[in-house]
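Novice: To start, I am sharing the structure in question, which I have written as structure tokens.
Every number here is computed from the coordinates shown, using simple stated rules; none is lab data. This is a predicted model, so every value here is computed, not measured. Cβ coordinates were reconstructed from backbone atoms using ideal geometry, including for glycine residues, and neighbour counts include every protein chain displayed.
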Amino acid sequence: MVKHVIDGEAGEVKLLLGNEAIARGALEAGVSSATAYPGTPSTEILESLASVAEKYGVYVEWSANEKVALEIGIGASMMGLRAIVAMKHVGVNVASDPLMSLGYAGAVGGLVVVTADDPNAYSSQNEQDNRLYGVHSYIPVFEASSPQEAKDMTRDLFELSEKYATAVFLRSTTRLSHTRGPVRLGDVREKNKAAFHRDPARWALLPPYNLEKHGEAVRRIERLSRDLESFPYNRVEGEGDVAIVTGGVAYNYVKEALEKLGIGAEVFKVSSTYPLPRGLALRALRREKVIVVEELEPILEWQLKIMAQEEGASSKILGKEFFPRVGELNTRIVAEGLARALGVEYSEEEPPKVDVQLPRRPPTMCPGCGHRSTYYGVWLASKKLKVKPIYPNDIGCYTLGFFPPFQMADLTWSMGSSIGIGSGIARFSDEPVIAFVGDSTFFHAGMPGLVNAVYNGIPLVLVVMDNSITAMTGHQPHPGSGVGPLGEPRPSVKIEDVARALGVEHVKVVDAYDVRGVRDAVVEAVEYARAQRKPAVIVSKRPCALMVAREAVKRGVELPVYVIDQEKCIKCGVCTDRFACPAIVKENGVYRILPELCVGCGVCAQICPVKAIHVGGERR
């Protein structure tokens, strides 16, 4: 957890990540509630607020999923309190159901929804542009271009949210979320007082009222389009014969590109990307040529073209024909696009090539990871059963099962989809279907699919990889972890109990390090599912190896280190080629265990066919 990074006195300057700056802005706005589901690149927002939650009296919650996180924020807003809800871009897909109603009903206490988009899909299954969600839901969208602006804008958006009685989107991207810059801190405002704003005609979204609410949402967006011309983060800079409309991180690339090209332009820095301020748009449309620079979808470009059509403007509006719709922008791409759009010569020297052959580092699970031994046990079960299962996989560390040597991810789709899509396959497949899901993902979106499998008699085998934490995003707790976001004790919800309560009759709990136990449990589950035409659940438990090792270091616990007896070793390669533990290497035909990587799990000793691996020493 981040340790008090965002704490400090007004006037103090701190070097903050964009996400930390957003958290500080919420703190300065007097936020009362902060909820999220962890997901890169948004995670540090809630972690930062959690680090100061006790001091400032902020309620922080790692929610079961983004839909619940948003609903908690809506409830806090109905109490007149200020709330921030953070999620990565695909998390908004999960939250979209209440989000669409939120656009109709609006907010009381300031409600800021952070969508951390991921152009270039650095850590995501897609690079969707969530400005489109603002258009779809009638919720205005704002973007910052630096950590300082992210802090200040977040603070001010709570005021705007309350003034216009609407939730607002604050859109960040990976480049801003994980950029560090100097941020001058401001005063921390007092919190709003809590009182439920009882208004059934507004909150109960029933047919007699919905058309009226739809009209209110449209009029609110139209009003914002007029008023946001004076929004302090929208501005016009520079002079020239051409207008460039841009916003967010792309604004920085435009400024640098213009300097490289040595040309002048009237730059419209738009921070309220939806709705586009009409006054600023009409000012840009006075120019004969308007160039729009934005990442991913042409949201600003579309709005400009619509306004130009409505106003009969003759400006030539250029955009995505010169700037890619796929991938992240940078200064070079923007400079080249501007040069083509303006018809000027530009060439950039290629950076010098360094002829260095770096060692390959394919993605792999950590030494001691229980997912590796679970996959190995499942593989053994498939060999024993003489079948070739279909393996629907899910979103988490265990997605690395896609890579050799395991290759146990025939599909990865979205959170919890291994169960739903796996059920669709299992209904019609002659081969067994063994789906994988993580513990956090099970609570996030896995339970409805499992209920459906029970109800409809789907012969699916579900293996829950339970490492007691949301590991992939940095060890955030979930309902099964037994602790809260501040490390305080919380009830631990057992996945096996949930599965039984949902109606699963065949539930087995195994130790992920017990390879033979995993193998036997999978064999039994496959045979049960085939015979009974019902789902079976295996919960493979073992705490995250990184978390265990970190705790051992803190407590000074000595971990065993395994060694390979070279006289017994037959060089079969099972430990490296089939089990693929990164702590075991082959050098000059000799297999050995790297003591600096070994965490002492002992699974390699189990799988060695000649028992050549044993404890050979200890290290602190």
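Novice: Kindly provide the Kirkwood hydrodynamic radius of segment 380-474 in Å, to one decimal, from all pairs of distinct alpha carbon atoms. Provide the component values of the computation, followed by the final result.
Specialist: Details: mean 1/r = 0.0749 Å⁻¹.
Here the Kirkwood hydrodynamic radius works out to 13.3 Å.
Novice: Straight-line reach from K586: which aspartates and glutamates have Cα under 13 Å away, leaving out those fewer than 8 places along the same chain?
Specialist: D577
Novice: Compute from the Cα atoms of segment 558-619 the Rg and the Dmax, the latter being the longest Cα-Cα distance, and quote both in angstrom.
Specialist: Reported Rg and Dmax, both Å: 10.5, 31.
Novice: Now a separate question. Return the calculated 222 nm mean residue ellipticity for the chain, to the nearest 500 deg cm²/dmol, obtained by summing -39500 (n - 2.57) across DSSP H runs with n ≥ 4 and dividing by the residue count. Provide the component values of the computation, followed by the final result.
Specialist: Numbers: 21 runs with 229 residues, N = 620.
Taken over the chain, the calculation gives -11000 deg cm²/dmol.
Novice: Report, in degrees rounded to the nearest 10, the 0 to 90 angle that the Cα long axis of helix 66-78 makes with the longest principal axis of the chain.
Specialist: It is inclined by approximately 50 degrees.
Novice: Could you grab the relative contact order for the chain? Cα pairs under 8 Å, six or more apart, rounded to a whole percent. Don't jump to the answer; show the numbers that get you there.
Specialist: Details: 1352 pairs, mean separation 64.8, N = 620.
It rounds to 10 percent for the chain.
Novice: Roughly what angle does helix 331-342 make with the longest principal axis of the chain, taking Cα atoms, 0 to 90 degrees, to the nearest 10?
Specialist: Helix 331-342 sits roughly 40 degrees off the main axis of the chain.
Novice: Report D for segment 13-230 in µm² per second (integer): Stokes-Einstein, Kirkwood Rh on Cα pairs, 4 °C, 1.567 mPa s. Please report the intermediate quantities before stating the final value.
Specialist: Working: Rh = 17.0 Å.
The estimated diffusion coefficient comes to 76 µm²/s.
Novice: Another question about this same structure. Straight-line reach from K305: which aspartates and glutamates fall under 15 Å, measuring Cα to Cα and dropping same-chain residues less than 8 apart?
Specialist: Candidates past the 8-residue exclusion: E288, E294, E297, E321.
Novice: Determine the shape class of segment 51-139: with a ≥ b ≥ c the square roots of the Cα gyration tensor eigenvalues, call it rounded for a/c under 1.5, and otherwise prolate if a/b is greater than b/c, oblate otherwise. Walk me through the numbers on the way to the answer.
Specialist: Values: a/c = 2.23, a/b = 1.29, b/c = 1.73.
Oblate, since a/c reaches 1.5 and b/c is not below a/b.
Novice: List, in the order given, every pair from K386/K568; K67/K494; K571/K611; K151/K269; K568/K611 whose Cα-Cα distance in the structure shown is over 19 Å.
Specialist: Details: K386/K568 30 Å; K67/K494 22 Å; K571/K611 12 Å; K151/K269 17 Å; K568/K611 8 Å.
As for pairs spanning more than 19 Å Cα to Cα, those are K386/K568; K67/K494.
Novice: Which of the trypsin sites (Lys or Arg not before Pro) across segment 342-411 are loop residues per DSSP, with 15 or fewer other Cβ within 10 Å? Could you put the intermediate results ahead of the total?
Specialist: Working: sites: K353, R360, R372, K383, K384, K386; in loops: K353, R360, K386.
Those satisfying the criteria are K353, R360, K386.
Novice: Against the empirical 2.2 N^0.38 Å scaling, what ratio does the C-alpha Rg of segment 262-411 come to? Let's see the in-between values first.
Specialist: On the way: Rg = 25.7 Å, N = 150, 2.2 N^0.38 = 14.8 Å.
Compared with the compact-globule rule of thumb, segment 262-411 sits at 1.74.
Novice: With a/c under 1.5 counting as rounded, go ahead and sort segment 370-550 into rounded, prolate or oblate using the C-alpha gyration tensor (a ≥ b ≥ c being the square roots of the eigenvalues; past the cut-off, prolate if a/b is larger than b/c, else oblate).
Specialist: Verdict is prolate for segment 370-550.
Novice: While we're on this one: Rounded to the nearest whole Å³, what is the per residue volume of the convex hull around the Cα atoms of segment 469-568? Each step should come with its number before you reach the end.
Specialist: On the way: hull volume 14.8 nm³, N = 100.
With only Cα atoms used, segment 469-568 gives 148 Å³ per residue.
Novice: A further question follows. Can you tell me the FRET efficiency between H136 and V553 if r is taken as the Cβ-Cβ distance and R0 is 60 Å, rounded to the nearest 0.05? Mind dumping the intermediate values first?
Specialist: Working: r = 48 Å, r/R0 = 0.80.
With R0 = 60 Å, the Cβ-Cβ based efficiency is 0.80.
Novice: Along the Cα-to-Cβ line of K289, 7 Å from the Cα, sits a label point; which residues in segment 298-313 have backbone N less than 11 Å from it?
Specialist: none
Novice: Taking the Cβ-Cβ separation of S314 and A605 as r and a Förster radius of 60 Å, what is the calculated FRET efficiency to the nearest 0.05?
Specialist: Numbers: r = 78 Å, r/R0 = 1.29.
Between S314 and A605 the formula returns 0.20.
Novice: Could you list the square roots of 5 times each eigenvalue of the Cα gyration tensor of the chain, that is, the equivalent ellipsoid semi-axes, sorted largest first and rounded to whole Å?
Specialist: Working: eigenvalues 445, 177, 120 Å².
Ellipsoid half-lengths, sorted descending, are 47, 30, 24 Å.
Novice: Another question, if that's okay. Please report how far the C-alpha centroid of segment 425-489 lies from that of segment 305-339, rounded to the nearest whole angstrom.
Specialist: 44
Novice: Further question on the same structure: In degrees between 0 and 90, to the nearest 10, how far off the longest principal axis of the chain does helix 18-28 point, with axes built from Cα atoms?
Specialist: For 18-28 against the chain, the angle is about 70 degrees.
Novice: Could you tell me the convex hull volume per residue, in Å³, taken over the Cα atoms of segment 115-267?
Specialist: Details: hull volume 26.3 nm³, N = 153.
Normalising the Cα hull of segment 115-267 by residue number yields 172 Å³.
Novice: With Cβ to Cβ distances under 15 Å as the rule, what net charge do the other residues near S492 carry (K, R +1; D, E -1)? It would help to have the intermediate numbers written out before the result.
Specialist: Working: positive: R490, K494, K541; negative: D439, D466, E488, E496, D497.
Here the count lands on -2.
Novice: Contour minus end-to-end for R592 and S429, with contour as 0.36 nm per residue of separation and end-to-end as the Cα-Cα distance? Each step should come with its number before you reach the end.
Specialist: Numbers: separation 163, 0.36 × 163 = 58.68 nm, distance 4.23 nm.
Residue separation times 0.36 nm, minus the Cα-Cα distance, leaves 54.5 nm.
Novice: Specify whether the C-alpha gyration tensor of segment 235-342 places it in the rounded, prolate or oblate class, a ≥ b ≥ c being the square roots of the eigenvalues: rounded for a/c under 1.5, otherwise prolate if a/b is larger than b/c and oblate if not.
Specialist: Working: a/c = 1.56, a/b = 1.31, b/c = 1.19.
Cα axes put segment 235-342 in the prolate bin.
Novice: Moving to a separate point now. Using a Cα-Cα cut-off of under 19 Å, which lysines could be cross-linked to K534, ignoring same-chain neighbours fewer than 8 residues away?
Specialist: Counting by Cα, and skipping residues close in sequence, K534 has these lysines nearby: K508.
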